[in-house]
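Visitor: Got a structure here, written out as structure tokens. Questions coming.
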Amino acid sequence: MKSLNKQDCDVLIVKCINLVKKQDSNFFVLKKLKKVWGMCYWDWIELDPRKNFIVTAIHECLHYLNPDWSESMVMYAESRIINQVEFLKLMEFVSILSSKLYIKEKNKKRNKKK
Ligand SMILES: [Zn+2]
């Protein structure tokens, strides 16, 4: 397993931020999941908002961006990113993701009322 320094982690979080920016809100699905916290289905990512949202979202983005990585490599990278990257970058990631999901949930609710 290759080791990741702070610079590698900065590159990875920027890739995660760009993925979240690029994908439309339907790519990310909020769902109450059993046993797992998130799932990467390649065409979309499921996230359980009840379970460690930021870490899980980064984890599933890493799977998507690095399909050749093993589960243990993804877990290692996720932990390195959370510990190495500055809070500002983490919040940039989570705020873009959250605002997309917020708008989606709001529209869902609005459409139900009609
Ligand atoms: Zn995983």
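Visitor: Tell me which strands (runs of 3 or more DSSP E) are completely within segment 1-96 and hold 3 or more residues being of a type outside the set (Asp, Glu) and more than 13 Å from the ligand (Cβ to nearest atom), or say none if there are none.
Guide: Here the list reads 28-30.
Visitor: Under 7 Å between Cβ atoms, at least 6 apart or on separate chains: pull out the pairs that start in segment 54-80 with a residue that is among the small types (Gly, Ala, Ser) and at pLDDT 95 or above and end on any residue that is part of a helix (DSSP H, G or I) and near the ligand (Cβ under 10 Å from one of its atoms).
Guide: So the pair list comes out as ALA77/LEU62.
Visitor: Return the total of residues in segment 12-30 being surrounded by fewer than 13 Cβ atoms within 10 Å (Cβ to Cβ) and at pLDDT 95 or above.
Guide: 2
Visitor: Could you list, in sequence order, all residues of segment 81-110 that are without any contact (Cβ under 8 Å) to a residue 40 or more places away in the chain and closer than 16 Å to LEU19 by Cβ?
Guide: Scanning segment 81-110 gives SER95, SER98, SER99.
The values are calculated or read from the model by the stated rules, or taken from the named source; none is laboratory data. Keep in mind the model is a prediction, meaning the values are calculated, not measured. Glycine gets a Cβ as well: all are built from the backbone with ideal geometry, and neighbour counts include every protein chain shown.
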